[in-house]
Amino acid sequence: MSLDTVVEDIREEAHARAEEIREEGESRAEKIISEAEDDADEILEEAEGDVEREIEQLREQRLSSAKLEAKQKRLEARRDVLSDVREHVEAELADLEGETRTELTRALVETSSVEFENADTVRVYGRADDEELIESILEEYDGYEYAGEYDCLGGVVVESDQSRVRVNNTFDSVLEDVWEDNLQEISNRLFEQ
C-alpha cells in the first residue's frame, strides 16, 4: 500500500466520520428544535389557558359585581318607596280630623288608663293642636289633667307620680308597632314579583 492510498483512506475515513458527526449533530439539533417547539407549544397552550381562565374569572367578577350593584339599587329604591309610604301615612294621621280623631284619641286614653287605676293625679300630654280635644276627653276621668304639649302626630303620653310607668300611646308609637309587625306584608304588597 502506498502512502497516497493510506492518506486517501484516512481522508475518506475522516470525511465519513465528519459526515457521521455532522448527521449526528443535525439529528441532535432537529431533536432539540423539535423538543423546543413542543415546549413552546405547551407553554403557549398553558398561557392561552391561563388567559382564558383569567378572562372568565374577570367576567364572573364583573357580572357578580353588576348583579350586586343592581340588587343594591333595587333595595335602595324599595327603601325610598317604603319611606315615602311611611311619610304619607304619617301625614294622613297628622291630618285626621273630626270624629275619627276623637274616637282614636279616646281609645288611646282609655287603654292608657288601665295602668293608672290607683293613681290620684295623672298627667296627659298630647299634640298642641289636640289640647281642646284631650281636655274634653279627660273630663270623663277623675284626677286626669292635660299637662302640656308632646311632639307627635296625635294620641297621648300618660304618666303619674304614683307609678313608675309612662305610657306612650301616640299615633307615632302605634304606627311604629304596626309598621314593624307588618313591614314584610307591606313590602310584599308593594313589590309583588
Taking the dipole of the chain about the Cα centre (Lys, Arg +1; Asp, Glu -1; charges at Cβ), the one of 184, 138, 64 that reaches farthest to the positive side is 138
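Please give the per residue volume of the convex hull enclosing the alpha carbon atoms of the range 1-116, rounded to a whole number of Å³.
Working: hull volume 17.3 nm³, N = 116.
Hull volume normalised by residue count: 149 Å³.
Using only alpha-carbon positions, what ratio does the radius of gyration of the range 120-193 give when scaled by 2.2 N^0.38 Å? All intermediate terms of the calculation are to be shown ahead of the outcome.
On the way: Rg = 16.1 Å, N = 74, 2.2 N^0.38 = 11.3 Å.
The value comes to 1.43.
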Additional length obtainable on full extension of the chain from residue 190 to residue 176, 0.36 nm per residue less Cα span
3.2 nm
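Please compute the contact order of the chain in relative form: average sequence separation of alpha-carbon pairs under 8 Å and at least six residues apart, divided by the residue count, as a percent. Could you put the intermediate results ahead of the total?
On the way: 140 pairs, mean separation 29.8, N = 193.
Relative contact order comes out at 15 percent.
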³J(HN,Hα), Karplus 6.51/-1.76/1.60, whole Hz, each residue of the range 121-133, x for Gly, Pro
10, 10, 9, 10, 10, x, 5, 4, 5, 9, 3, 4, 4
With +1 on the Cβ of every Lys and Arg and -1 on the Cβ of every Asp and Glu, the dipole magnitude of the chain about its Cα centre, in debye rounded to the nearest 20, is 800
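Under the classification rounded if a/c is under 1.5, otherwise prolate if a/b is larger than b/c and oblate if not, where does the range 32-73 fall, given a ≥ b ≥ c as square roots of the Cα gyration tensor eigenvalues? Write down the numbers at each step before the final one.
Values: a/c = 10.85, a/b = 10.59, b/c = 1.02.
It is prolate, given that a/c is not under 1.5 and a/b is the larger ratio.
Probe of 1.4 angstrom, ligands and nucleic acids ignored: what's the accessible area per residue over the chain, in square angstrom? All intermediate terms of the calculation are to be shown ahead of the outcome.
Numbers: 14550 Å² over 193 residues.
Per residue, the chain has 75 Å² of solvent-accessible surface.
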GluC sites (Glu not before Pro) lying in DSSP loop within the range 148-193, provided at most 16 other Cβ fall within 10 Å:
192
Which of rounded, prolate, oblate describes the range 67-193, given a ≥ b ≥ c as roots of the alpha-carbon gyration tensor eigenvalues and a/c under 1.5 marking rounded, otherwise prolate only if a/b is larger than b/c?
prolate
Can you give the accessible area of residue 140 in Å² (nearest 10), computed on protein heavy atoms with a 1.4 Å probe?
110
Taking Rh as the Kirkwood radius computed over C-alpha pairs, what is the Stokes-Einstein D of the range 75-131 at 10 °C in a medium of viscosity 1.306 mPa s, expressed in µm² per second?
113
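Looking at the range 94-193, which trypsin sites (Lys or Arg not before Pro) are DSSP coil and have at most 16 other C-beta atoms within 10 Å of their C-beta?
Those satisfying the criteria are 164.
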Which listed residue (91, 118, 155) has the Cα farthest towards the positive end of the charge dipole for the range 90-193, taking +1 on Lys and Arg C-beta and -1 on Asp and Glu C-beta about the Cα centre?
118
Could you check the simple spin-label distance between residue 56 and residue 41, using points 7 Å along Cα→Cβ, in nm with one decimal?
2.3
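Return the loop-located GluC sites (Glu not before Pro) in the range 13-116 (DSSP other than H, G, I, E, B) with at most 15 other Cβ atoms within 10 Å of their own Cβ; answer none if there are none. Before the final figure, lay out each step's value.
Values: sites: 13, 19, 20, 23, 24, 26, 30, 35, 37, 42, 45, 46, 48, 52, 54, 56, 60, 69, 76, 87, 90, 92, 97, 99, 103, 110, 115; in loops: 97.
For GluC sites (Glu not before Pro) across the range 13-116 that sit outside H, G, I, E and B with at most 15 neighbouring Cβ atoms in 10 Å, the list reads 97.
Heavy atoms only, probe 1.4 Å: what % of the accessible area of the chain goes to carbon and sulfur, would you let me know? Intermediate results must be reported in sequence, preceding the final value.
Working: 6840 of 14550 Å².
It is 47 percent, rounded to a whole number.
The values are calculated or read from the model by the stated rules, or taken from the named source; none is laboratory data. Note that the structure is predicted; figures quoted are calculated from it, not measured. Don't worry about glycine lacking a Cβ; one is built from the backbone with ideal geometry, like all the others, and counts go over all protein chains shown. We work out accessible area using only protein heavy atoms, side chains counted, and drop any ligands, DNA or RNA first. Shrake-Rupley method; radii C 1.70, N 1.55, O 1.52, S 1.80 Å.
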